[in-house]
Structures are given as C-alpha cells and as structure tokens.
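**Q** Just passing along the structure, written as structure tokens.
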Amino acid sequence: MSLRNFVHSYKEIKEPQTFQLPLINPRDSNSISFTLETFDGSDYSFDIGGGDVKTRPSIPQPISETLDASTGTNTTFYLKRSNVKTLRLLSKSYDFNSEILYGFSNLKALQLRDEVDLDILRIPQSVNDFVFVADGAVVNGYNTRRNFTYTTMRRFILNNTGGTGLTSGEVDDLLEDLSLADWEGVKTVTIAGVHSARTSASDSFVTTLQGKGVTVTTN
C-alpha cells in the first residue's frame, strides 16, 4: 500500500461517526428546519438535543422539529461529515461558524441563513451550489482567495442584507475567481445586500462569466 493510500485509509478509520451543529443560546426560535442528503443515499439519524434520536431517509426535503425546554445546545447527526451531500439550514436556530465545515469533503449543496460567521475560503472545494441569504451575519474579508476550479459550479449567492460584507476590491477578486470555473445548471452569481459595488476592474470577469451563460447580479 502506498503512503498516500495508507494516510487516506487512516483518515477514513479515524473520521468521527457524528458531528454537531450548535443551537443559538439563548434561542429566539422554538423550532429548527434543515435539509440533509447523504452522499451514498443512506438513511441518517439525528438528535435535536433532547435525547430523542430520529431516523430519516435521504431526501431533498426539509425536516422541521420543535424545540422544548429539555433541548440541549446542539443538534447531533449520526453520520460522517464526508457522507453529507446536501446541507441546508433553513431556520434561524443555528449558530454557525465556518470552521464547522471542515471535513465535509463530498458536500455539493450548502445553504446558510442568519447567525453565521462566514469565511468563503472555508467553503469545501466540492461545493458547487452555495446560497447564503441572511438578515444579519458576518462575512469575513476575501483577502485569502478560494479556488473554484475543483468542481463545476452551478450557483453562488452571497446576499446578506445585514451584518458585514465585502469591499469593492474583494467583490472584484471574487468575480475573477468565479470566472475561472466551469459552469452548468442554473448558472447564477449574486453578490448583493450589504456588499460593496464592484468596480470596472471586474468588467472582463463579468464578461467571461456571461460568456459561459452565467447570470451575474451585483450592487
């Protein structure tokens, strides 16, 4: 066995069988809603925090649960991060930090809402459908740039209407990096909300995206 295969096998053995998403504390909502699909199509189990483990099939439809006083501080999912294909957090109940995304190596679709501390660089390289629509959030700067060429992109939406956003220069840089990707499907790029307007420096990148059939919307 090569050293590379040995390291890969070792990581597979050591990868945790569970992961947790932290709930906002104190909570301003008594419900959670999320969509989760597994990469291999298998069922998955989760515990919203009260000790009641539930099992659901891997389907692209939202799961809604009501929280109560006995609910803990996390939702626990009983599967490996690498077996998550789609993750959409549809309620305002999760306190989401981008560091949580480490290990989601097969994630394709990611949708986030409020109470998020987002670092674009930490979005897994496998993600080709990213949607971030929020009222209040922190979007860290784009000084350290991300490579979008590891997968064929479908959608990139960054549209938080509150919190912090990118500067004009960072928007230009992000458009440049997105223009280098191959595109398929809905082919949409949106960088709006609190983010600054792009400048003429990104004109050629927008033209490149449009030439690939991508609809581009910015401030």
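**Q** Between 85, 54, 187, which gets the highest mean-square fluctuation from a Gaussian network model of the chain, Cα cutoff 10 Å?
**A** Ranking 85, 54, 187 by mean-square fluctuation puts 54 first.
**Q** Here's something else I'd like to know. Taking other Cβ within 10 Å of each residue's Cβ, how do 171, 138, 116 sort, fewest first?
**A** Neighbour counts put them in this order, fewest first: 138, 116, 171.
**Q** Could you tally the net charge around residue 51, taking each other residue with its Cβ under 14 Å from the Cβ of residue 51, Lys/Arg +1 and Asp/Glu -1? If you can, show how the numbers build up before the last one.
**A** Details: positive: 54; negative: 47, 52, 65, 68.
Net of charged neighbours comes to -3.
**Q** In addition: Just want to confirm a number: the relative contact order over the chain, from Cα pairs under 8 angstrom separated by 6+ residues, in percent.
**A** Numbers: 505 pairs, mean separation 30.9, N = 219.
The normalised contact order for the chain reaches 14 percent.
**Q** Taking all pairs of different Cα atoms in the range 95-219, averaging 1/r and flipping that mean, what Kirkwood radius in angstroms comes out? The partial results should precede the final answer.
**A** Details: mean 1/r = 0.0698 Å⁻¹.
That comes to 14.3 Å for the range 95-219.
**Q** Between residue 145 and residue 43, what FRET efficiency follows from the Cβ-Cβ distance if R0 is 35 Å, with the result rounded to 0.05? Kindly include the intermediate steps, with their values, before the conclusion.
**A** Working: r = 38 Å, r/R0 = 1.09.
Efficiency at R0 = 35 Å is approximately 0.40.
**Q** So what is the 222 nm mean residue ellipticity for the chain from helices alone, if each DSSP H run of at least 4 adds -39500 (n - 2.57) and you divide by all residues, rounding to the nearest 500 deg cm²/dmol? Walk me through the numbers before you get to the answer.
**A** Numbers: 3 runs with 33 residues, N = 219.
Taking each H run of at least 4 residues, the total per residue is -4500 deg cm²/dmol.
**Q** Taking the Cα centre of the range 95-219 as origin, sum charge times position over the Cβ atoms of Lys and Arg (+1) and Asp and Glu (-1), and report the length of that vector in debye to the nearest 20.
**A** Numbers: 10 positive and 16 negative charges, 84 e Å.
That gives the range 95-219 a dipole magnitude of about 400 debye.
**Q** Give me the percent of DSSP beta bridges within the chain that run antiparallel, rounded to the nearest 5.
**A** 40
**Q** Normalised radius of gyration for the chain, please: alpha carbon Rg relative to 2.2 N^0.38 Å, two decimal places.
**A** Rounded to two decimals, the normalised Rg is 1.08.
**Q** Separate question: Any chance you could list P(r) for the range 43-166, counting all Cα-Cα pairs in 5 angstrom bins from zero, rounded to whole %?
**A** P(r) for the range 43-166, in whole percents per bin: 2, 10, 19, 23, 21, 14, 8, 3, 1, 0.
**Q** If we count other beta carbons within 10 Å of each Cβ, what is the order of 115, 37, fewest first? Mind showing how you got there, number by number?
**A** Numbers: 115 23, 37 20.
Ascending number of Cβ neighbours within 10 Å: 37, 115.
**Q** I would also like to ask the following. Can you pull a Stokes-Einstein diffusion coefficient for the range 16-92 at 4 °C (1.567 mPa s), Rh from Kirkwood over Cα pairs, as a whole number of µm²/s? List each step's numbers first, then the result.
**A** Working: Rh = 12.7 Å.
After rounding, the answer is 102 µm²/s.
Readers should treat all values here as calculations from the given coordinates under stated rules, not as data from a laboratory. As the structure is a computational prediction, the values presented were derived from the model and not from experiment. A quick note on method: Cβ atoms are made from the backbone with ideal geometry, for glycine too, and the neighbour counts reach across all protein chains shown.
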